[in-house]
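Following: one structure in structure tokens, then a few remarks.
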Amino acid sequence: MDNKHKIVQILSDGEFHSGEVIGEQLGISRAAVSGHIKSLSNIGLDIFSITGKGYQLAGGLSLLDLKKIKQNCSVNNELELFPVIPSTNEYLMGLIKSKTDLSDGHTILAECQTQGKGRRGRTWQSPYGSHVYLSQYRTMDSGLSAASSLSLAIGLAVLNTINAFSNKKCELKWPNDLLVEGKKIAGILVEAEGQADGVCHLVIGVGINIDMPKASALDIEQPWTDLNTITDNTIDRNQFIAKLLEQLESVYQEYSDNRLDNLANQWNQNNAFVNQIVELRSTSKVQVGKCLGIDTSGALLLEDLTTKVISKIFGGEVSLRKKKVES
């Protein structure tokens with residue numbers, strides 16, 4: 001464990017701690033403590049410094065604890081926890097490419113990502129100790145095509161977990177986002193390595209907003225929300241992750257056995273844009289139509305407003321949004 005994370009553990013009680021005492025505990029100088037505090041502030045921690053009193057982490061912090069997660073979880077996944085990592089997805093993809101022997105369900109968790117990844121190359125804001133950053137390894141023997149609609153199934157696992165802790169209903173936005181009252185609360189990024197008709201190695205990345213710091217929110221360009229905003233209770237991330245791991249296991253096994261044959265109907269029942277007029281934007285064109293949900297292949301069903309012809313739209317570099325009504 002590095003000194004930065006040790007400092008976070010000391011400050012996590014929300015009380016003031018002097019730089020001198022912190023330095024003595026860690027065997028480093030006060031100047032080194034000050035440098036670490038600055039680095040921690042740069043990754044999203046709101047740390048106050050008051051002369052004569054020391055440092056205080058505003059509101060304290062509940063850190064992830066693998067022991068607590070396992071105690072609350074019925075699934076026996078192999079878990080790794082990193083205080084800070086560039087990207088949980090990239091880390092797992094690196095292990096796959098290096099031929100590391102991974103068990104199915106091997107899961108990476110992090111307190112902070114410095115290069116968190118979203119769809120279409122976007123950055124996922126990943127402040128320290130605030131959200132859920134999780135990547136899980138899976139393998140399929142039936143090739144890349146079999147995994148093409150996996151993110152839709154994973155969306156249901158995330159939705160079920162959020163709804164278990166939230167006072168407000170979570171909904172699904174095709175193909176990889178989750179919304180509450182039209183605001184993004186979670187995203188999914190599935191990456192694959194393998195053959196079209198052979199063994200396929202998958203990384204399932206999930207990011208869920210739990211308690212967004214104000215400073216990090218300034219860098220988000222779309223409407224967002226977090227769990228602590230939409231529920232009356234403070235979320236224990238360890239309990240939340242334990243529930244999420246159980247849901248991921250359940251949904252993944254169903255997808256492995258039956259693909260979306262049984263899950264598509266559940267997905268459509270939670271479609272944020274059901275029967276609404278939407279725009280579907282790609283690099284080459286914009287389509288407007290009524291959103292009818294998905295079929296069992298994972299394709300979005302878009303009904304033309306004039307001809308009533310239904311098109312099947314498959315995932316890729318596309319963006320779905322509700323059509324603005326012109327006044």
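The values are calculated or read from the model by the stated rules, or taken from the named source; none is laboratory data. Keep in mind that this is a model prediction, so the values were computed, not measured. All Cβ positions, even for glycine, are placed from backbone atoms using ideal geometry, and neighbour counts span all protein chains on display. Keep in mind that these areas ignore ligands, DNA and RNA; they rest on the heavy atoms of the full protein, side chains included. Shrake-Rupley method; radii C 1.70, N 1.55, O 1.52, S 1.80 Å.
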Please work out which one of (1) more than 27 Å from Leu300 (Cα to Cα); (2) touching a Gly at 6+ places or on another chain (Cβ under 7 Å) is the condition Leu178 fails and give its number. (1)
Scanning segment 225-242 residue by residue, those under 13 Å from the mean Cα position of the chain (by Cα) and either at pLDDT below 95 or more than 16 Å from Leu159 (Cβ to Cβ) (or both) turn out to be Arg237
Identify, by number, the condition in (1) open to solvent by 50 Å² or more (accessible area, probe 1.4 Å); (2) within 17 Å of Tyr255 (Cβ to Cβ); (3) part of a helix (DSSP H, G or I) that Asn163 doesn't meet. (2)
For Ser130, are the conditions met, namely being farther than 30 Å from Leu300 by Cβ and in a loop (DSSP other than H, G, I, E, B)? yes
Test for Lys169: is it closer than 30 Å to Cys291 by Cα, exposed (fewer than 15 other Cβ atoms within 10 Å of the Cβ) and over 12 Å from the mean Cα position of the chain (by Cα): yes
Consider segment 1-20. How many of its residues are closer than 9 Å to Gly54 by Cα and exposed (fewer than 14 other Cβ atoms within 10 Å of the Cβ)? 1
Considering each residue of segment 21-56, count those that are assigned to a helix (DSSP H, G or I), among the hydroxyl-bearing types (Ser, Thr, Tyr) and either closer than 20 Å to Gln113 by Cα or open to solvent by less than 50 Å² (accessible area, probe 1.4 Å) (or both), and give that number. 2
I want to confirm something. Restricting to segment 136-160 and keeping residues that are open to solvent by 50 Å² or more (accessible area, probe 1.4 Å) and part of a helix (DSSP H, G or I), which single residue is nearest to Thr225 (Cα to Cα)? Asn160
Could you tell me whether segment 58-81 includes any residue that is assigned to a strand (DSSP E or B) and modelled with pLDDT under 95? no
Could you pull out the residue among Gly44, Gly23 that is farther than 24 Å from Ser130 by Cβ and in contact with a helix residue (DSSP H, G or I) (Cβ under 6 Å, 6 or more places away or on another chain)? Gly23
